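Input: a single structure, listed below in structure tokens.
Only the coordinates and a few stated rules stand behind these numbers; no lab work does. Please read these numbers as outputs of a predicted model, since none were measured by experiment. So basically every Cβ, Gly included, is an ideal-geometry build from the backbone, and we count neighbours across all protein chains shown.
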Ligand code: HEM
């Protein structure tokens, strides 16, 4: 049956299931999203294992929800920020982190670490990020020379690059990055049979993170620095309430939030540039395009595919009535290809700067980092990493090229690439 032309399309809720992770194994189903935007932009998506949810696919509706946390809650007690109900699934020994909180508490916790992502702090980090890119490229050259075969870009570059930056944010050694990497991978990848961890293993990782993060806390109490852990210690000393369980939750959030997202945007960006040789040539010829390219990569790839909210009152979105208690899921990859906002949205265009004429003000922004109350705290850091990665990679490996198709993650949440072989 053709999913898009079956009878009764306006109410064909049963046939499109955006929650099914199999839908994403061959790539993001952009045609399905385009159909939804045109025909059923606020789509009721039944669930096999739940009460169902509203799937938002238009930029405008996602902005409405993201900027109204009073009506659209992220709080764990109301279900949290994931498509499943966090209040039922979460490990009760780990408190909710800021991403699963609403104002005013959300603002307090966000403020504690905002200082880690300011422009001066990022300027200080840039040289270290560039040095790490160079060390990884050195190792790629040795690896390929030794084997004479294509090598895996994810394992050799994008994964260690992202995780080592996280290690720097925490002020720990790159060697500790291996632990952060293992823990982060254990907590995500829940729908991929190749990566899915047993609950015992996830619990063991959480225990290890608790012990490790407590050790770091004690170290920073004795010897403070300008890293994120020192900032949290300072906030607690300054009188901000930070129970240890909330500290652990913040630690886990940072480990998870900055890892896969950055990794997949770099790998996805490499593939997008390869598929658009004119854009790649323009970028190599003109380094001033790098900041635009970083933004366009995140729009085009949308490494986080959705976030969820729960309505706290009856409210209308796009002409549909959402009832208090209903789950609302915002599909960023679709909002980022909304033709009402972006000209030629399916085209990868590193010169893209302005929104489409006549689009509302918020439309100037892509939604790859979310929007509004919970907009990504690490967005400038992620863009910096993308910029430095492509600048360094193309300078040193001008013939860097993906070979064969990537191996994709089975997930409705992360637009993930498990491996991508390359030559150079
Ligand atoms: C390309 C890379 C990245 C993408 C696509 C991305 C995407 C997102 C998105 C969509 C949200 C919104 C969550 C919501 O509305 O519920 C978010 C929040 C967040 N991100 Fe990122 N992120 C990236 C990199 C990073 C990095 C490098 C860090 C830090 C190391 C980070 C830390 C956070 C934190 C702490 C939040 C929660 C903010 C809050 O609840 O107020 N992210 N991110």
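If you restrict to DSSP beta bridges whose two residues both lie in the stretch 22-423, what percentage is antiparallel, to the nearest 5? Can you show the working numbers first?
Working: 21 of 24 bridges.
So the antiparallel bridges in the stretch 22-423 amount to around 90 percent.
Kindly identify the stretch 128-280 as rounded, prolate or oblate by the Cα gyration tensor criterion: order the square roots of the eigenvalues as a ≥ b ≥ c, call it rounded if a/c is under 1.5, otherwise compare a/b with b/c, prolate if a/b is larger, else oblate. Here the stretch 128-280 falls in the prolate category. Taking only C-alpha pairs under 8 Å that are 6+ residues apart, what is the relative contact order of the chain in percent? RCO, the chain: 26 percent.
Spatial offset of the stretch 16-92 relative to the stretch 277-291 amounts to 35 Å, using the alpha carbon center of each. The distance linking the stretch 370-407 with the stretch 98-160 is 9 Å (Cα centroid to Cα centroid, whole angstrom).
With N counted as the residues of the chain, its alpha-carbon radius of gyration over 2.2 N^0.38 Å works out to 0.97.
Label the stretch 87-169 by shape, choosing from rounded, prolate and oblate, from the square roots a ≥ b ≥ c of the eigenvalues of the Cα gyration tensor; if a/c is under 1.5 it is rounded, and otherwise prolate applies when a/b is larger than b/c, oblate when it is not.
Values: a/c = 4.93, a/b = 1.82, b/c = 2.71.
Cα axes put the stretch 87-169 in the oblate bin.
Calculated translational diffusion coefficient of the stretch 37-183 (37 °C, 0.692 mPa s; Stokes-Einstein with Kirkwood radius over alpha-carbon pairs) equals 169 µm²/s.
Using the average count of surrounding beta-carbon atoms within 10 Å as a protection proxy, the listed peptides 193-201, 300-308 rank, highest first, as 300-308, 193-201.
Only helical DSSP H runs with n ≥ 4 go in: add -39500 (n - 2.57) per run for the chain, normalise by residue count and round the 222 nm mean residue ellipticity to 500 deg cm²/dmol. All intermediate terms of the calculation are to be shown ahead of the outcome.
Numbers: 15 runs with 192 residues, N = 424.
Calculated mean residue ellipticity at 222 nm is -14500 deg cm²/dmol.
Place a label point 7 angstrom from the Cα of residue 23 along the Cα-to-Cβ direction, then list the residues of the stretch 59-100 whose backbone nitrogen is under 11 Å away. Within reach of a label on residue 23, which here means backbone N under 11 Å from a point 7 Å along Cα→Cβ, the stretch 59-100 contributes nothing.
How would you classify the stretch 242-349 from its alpha-carbon gyration tensor, with a ≥ b ≥ c the square roots of the eigenvalues: rounded for a/c under 1.5, else prolate if a/b is greater than b/c, otherwise oblate? Here the stretch 242-349 falls in the oblate category.
How do 73-84, 147-158 rank on mean C-beta neighbours within 10 Å, highest first? All intermediate terms of the calculation are to be shown ahead of the outcome.
Details: 73-84: 21.1, 147-158: 17.8.
Descending packing order for the listed peptides: 73-84, 147-158.
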